[in-house]
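To start, the structure under review is shown below, and the notes come after it.
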Amino acid sequence: MLNRIDLDGFKKVQEEYRKDRSKCKKTIEVKGRWRLDVEYGPQFETKLKTERAGEITVQTDETIILGGGGTAVHPVHYCMAGFCGCFSAAFAKWSAMAGIELKKLDIRIVADIDLTTGFGIEDGIAAVENYKLEIFVESDAPIQKLNEVLEATKKRCFCMYCITTPIVPNIDMIVEIPEEKIEEVLFICPTCFNKTMVFLDDNSQKCKNCGTIGYFTRQPKAEKVSQK
């Protein structure tokens, strides 16, 4: 153990993954909910699982100037804190792998932001003008060795990759329909507004009154309906 990094455990997994690089592929997921059932308090909530500490509830709230209540940490601060935690973990780990003991490791991020687009005043204005990370290190290691660790950290830190690489997410909106309105949605024609939509033999949908092709298909085996 060095710099609070389990070197033996990490090296063992590293060697295992080196032999089978398919194990390097992972899928991570976070699910949350905008809290519409309360009028005060944090607006968003998610539950995050840990390997040893169980499930942790994380809540966020917009600042007052952005329409929130200021009752919880702002999502952007979580982003910045996550970057700090990820970068410092990587720096501590690669320092340990190089045999460097750290006596102190502090980190600071400063961002100059522009809320013009966030307020809907004008789209396309850069939201971040300056973004600076400072890392404060105390160690007996030569500065050259520490710089080598810093360069390795820049290349290997996951959050550093995310913040420096253009990543455009695929965003799907799924409109959930209350169960009591399912029949109305399925069988009312979106063109003539009559309850005349029927499922055909090929499990597609068509209005028997005006011929409009429907938005839904029926899965024959499970008798489930999905939107095209």
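Here, each number is a calculation from the coordinates, and none is a lab measurement. On a predicted model such as this, the values are computed, not experimentally measured, just so you know.
Which of the aspartates and glutamates could a cross-linker bridge to Lys49, judged by Cα under 17 Å and excluding same-chain residues fewer than eight apart? List returned: Glu29. Region 1-64 and region 76-105 have Cα centres separated by 16 Å. Under a straight-distance cross-link criterion of Cα-Cα below 17 Å, which aspartates and glutamates are reachable from Lys93, leaving out those fewer than 8 residues away in the same chain? Result set, ordered by chain and number: Asp6, Asp8, Glu15, Glu101, Asp106, Glu138, Asp140, Glu148, Glu151.
Give the angle, between 0 and 90 degrees and rounded to the nearest 10, that separates the Cα long axis of helix 75-97 from the longest principal axis of the Cα atoms of the chain. Computed tilt is about 40 degrees. This structure gives mean projected area of the Cα convex hull in nm², computed directly, and of (1) 15.3; (2) 20.6; (3) 12.1 that value is listed as (2). Could you work out [θ]222 nm for the chain from helices alone, using -39500 (n - 2.57) per DSSP H run of at least four and dividing by all its residues? Round to the nearest 500 deg cm²/dmol. The helix contribution divided over the chain gives -8500 deg cm²/dmol. For the residue pairs Lys11/Lys47; Lys11/Lys31; Lys12/Lys103; Lys31/Lys181, the alpha carbons lie more than 28 Å apart in Lys11/Lys47; Lys11/Lys31. Around the amide H of Thr212, modelled in the peptide plane, lie the amide H atoms of Cys207, all under 5 Å away and 5 or more residues distant in sequence or on another chain. Relative to the dominant Cα principal axis of the chain, helix 143-156 is inclined by about 10°.
For the residue pairs Lys23/Lys154; Lys26/Lys104; Lys104/Lys154; Lys104/Lys132, the alpha carbons lie more than 30 Å apart in Lys26/Lys104.
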